[in-house]
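Student: Before I ask anything, here is the structure I am working with.
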There are 2 protein chains.
Amino acid sequence: MSPPDPTDLDPETEARAGPRAQGRPPFGQAVGFLLSQLGFETSRRFGDLMSEVGLEPRHFAVLRAIEAMEGSAQNTVSDRLRVPASSMVAIIDHLEQLRVVERRLHPTDRRSRTLHLTPHGKEVLDRAVDLAMGLESTLNAGLSVDQRRELIEMLSRVADNLGLTAGLHPANARDGEAPP
Amino acid sequence: MSPPDPTDLDPETEARAGPRAQGRPPFGQAVGFLLSQLGFETSRRFGDLMSEVGLEPRHFAVLRAIEAMEGSAQNTVSDRLRVPASSMVAIIDHLEQLRVVERRLHPTDRRSRTLHLTPHGKEVLDRAVDLAMGLESTLNAGLSVDQRRELIEMLSRVADNLGLTAGLHPANARDGEAPP
DNA sequence: TATTGTTATACTCTATAACTATA
DNA sequence: TATAGTTATAGAGTATAACAATA
């Protein structure tokens, strides 16, 4: 093995800030970097939690929407969440296999399917919500109630700056104009 | 076309909060949801910006590291950023094709390659940094200097709660123990 | 003709592990 | 034997568009 590369940085000095050249802004402490980093890790942990109840984040989102829009047509839900129709098929297939959602015949339009949460689906959703609240507690640890409120206010402001629609996650959403 | 689904929610009432059932917490305003949503959109916009200079976010991260660790071996950089070695090959290939980075022979270890930023690479990095700072300004619009500082402090606290290493983005990093 | 839901296909992405050459 | 870099391969994920039934 060759000797340590003499150009290596001192780990104790630089480790916490990440590689950074003289004269460059500290990207590791920029709002954009922090949001990207935190969003990625938060999503990863959320995915891990949801897998405990057999779901992925997208299934959770659709399940919540179905509870809120009980009996709506499949395309109504996919339009609301801006999920592509073909992706929606796979999502509902999965939820049906778990027996948490049922497709039923639409009373007047035979092309259409209405979506319904089963009693078991309600239980699974309760459990998923508990898991999500646990993650929320982890994130908020050490923040006072006032700090958390301020944090949410500022993040909401940033979301406005980006033109995001509240409550609509862009990960699975089609591009295009926001709903009117 | 069939008449509007009678279970549809009133768009004007519910659009900003997203689908939500009675008795459920307002996920759309939770820290976790906001971070996930903002992180996704911030990353998407950052990727769009980097494409203006022919880069993807990972290339930007590696380019910054090479500037900070000029002349280090390829595996030193990939270890620092926790990028898998085989991914690093494709990243450096791309940076070399853009003539922003050069591989050179290691002076003592003929298996190894040292990485060097070209003068043109410095220019490209300058431009990429400008683009990133523009996004940072967009994100911070409407926040006072004090508010931005508080926001960064609180986000850093949340990052600590998640055990994240400052400046190290988990998107391209292998799993495993953090550097000592 | 247009729309709902479905299926099939083609594409991207990337991680794993095999391989070469050196140490 | 172990390591640096490279290459090959296989799997997951996803969007696109074609399709069948119905409006």
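We did not get these values from a lab; they are worked out from the coordinates using the rules stated. These numbers were taken from a predicted model, which means no experiment stands behind them. For neighbour counting, all protein chains shown are included, and Cβ atoms are generated from backbone atoms with ideal geometry for every residue, glycine included.
Student: At a threshold of 8 angstrom on Cα-Cα distance, excluding pairs fewer than six apart, so keeping six or more, what relative contact order does region B:71-113 reach in percent? Don't skip to the answer; put the middle values down first.
Tutor: Values: 20 pairs, mean separation 15.6, N = 43.
36 percent.
Student: Another one. Do any trypsin sites (Lys or Arg not before Pro) in region A:53-159 lie in a DSSP loop with no more than 16 other beta carbon atoms within 10 Å, and if so, which? Before the final figure, lay out the partial values.
Tutor: Values: sites: A:Arg58, A:Arg64, A:Arg80, A:Arg82, A:Arg99, A:Arg103, A:Arg104, A:Arg110, A:Arg111, A:Arg113, A:Lys122, A:Arg127, A:Arg148, A:Arg149, A:Arg157; in loops: A:Arg82, A:Arg99, A:Arg110, A:Arg111.
Here the trypsin sites (Lys or Arg not before Pro) that fit, given the DSSP loop and packing criteria, are A:Arg99, A:Arg110, A:Arg111.
Student: Find every distance from the label point of A:Val89 to the corresponding label point in the other copies (7 Å from Cα along Cα→Cβ) and write them in nm, one decimal, shortest first.
Tutor: In nanometres, ordered from closest: 3.8.
Student: Let me ask you something else. Apply 1/(1 + (r/R0)^6) to the Cβ-Cβ distance of B:Glu70 and B:Arg24, taking R0 = 56 Å, and write down the FRET efficiency to the nearest 0.05.
Tutor: Numbers: r = 53 Å, r/R0 = 0.94.
With R0 = 56 Å, the Cβ-Cβ based efficiency is 0.60.
Student: Taking chain A as the region of interest, what is the percent of Cα-Cα pairs per 5 angstrom bin, listed from the shortest bin to the one with the maximum distance?
Tutor: 1, 6, 12, 14, 15, 13, 11, 8, 6, 5, 4, 2, 1, 1, 0, 0
Student: Can you give the log10 of the normalised intensity I(q)/I(0) at q = 0.17, 0.22 Å⁻¹, computed with Debye over equal Cα scatterers of region B:29-135?
Tutor: Scattering profile of region B:29-135, log10 relative to I(0): -0.80, -1.15.
Student: Continuing with this model, one more query. Run the numbers on chain B and let me know its relative contact order in percent, using alpha-carbon pairs under 8 Å that are six or more apart.
Tutor: Worked out over chain B, it gives 19 percent.
Student: Just tell me, in residue order, which DSSP H segments of chain A are both 30 angstrom or longer along the helix axis (alpha-carbon based) and at least -1.0 in mean Kyte-Doolittle hydropathy.
Tutor: Values: long enough: A:119-140 (32 Å, -0.18).
Taking the DSSP H segments of chain A (at least 30 Å long, mean hydropathy at least -1.0), we get A:119-140.
Student: With the contact rule set at Cα under 8 Å and sequence spacing of 6 or more, what percent relative contact order holds for region A:29-135?
Tutor: The value is 29 percent.
Student: How big, on average over all directions, is the shadow cast by the Cα convex hull of the protein assembly as shown, in nm²? Intermediate values should be presented prior to the final figure.
Tutor: On the way: hull surface 83.7 nm².
Across all orientations, the protein assembly as shown yields a mean hull projection of 20.9 nm².
Student: Same structure again: Using alpha carbon coordinates only, what is the Rg to Rh ratio of region B:74-179, with Rh defined as the Kirkwood radius? Numbers along the way, then the final one.
Tutor: Details: Rg = 17.7 Å, Rh = 16.7 Å.
Ratio of gyration radius to Kirkwood radius for region B:74-179: 1.06.
Student: Tell me the distances, shortest first, between A:Arg148 and the same position across the other copies, using label points 7 Å along Cα→Cβ, in nm to one decimal.
Tutor: 2.8
Student: Could I ask something else about it? Let's test the formula: R0 of 25 Å, r as the Cβ-Cβ distance of B:Glu153 and A:Asp79. What FRET efficiency results, to the nearest 0.05? Walk me through the intermediate numbers first.
Tutor: Working: r = 40 Å, r/R0 = 1.60.
The pair B:Glu153/A:Asp79 has a calculated efficiency of 0.05.
Student: Here's a follow-up. Using the 7 Å Cα-to-Cβ label point, sort the distances from B:Arg113 to its equivalents in the other copies shortest first and give them in nm to one decimal.
Tutor: Reported distances to equivalent positions: 4.9 nm.
Student: Quick check: pseudo-label points 7 Å beyond the Cα along Cα→Cβ at B:Asp48 and A:Thr108, how many nm apart are they?
Tutor: That separation, rounded to one decimal, is 3.9 nm.
Student: Rounded to whole Å, how close does chain B get to the rotation axis onto A by Cβ? Give me the residue too, please?
Tutor: Rotation axis B onto A, closest Cβ, rounded to whole Å: B:Gly39, 1.
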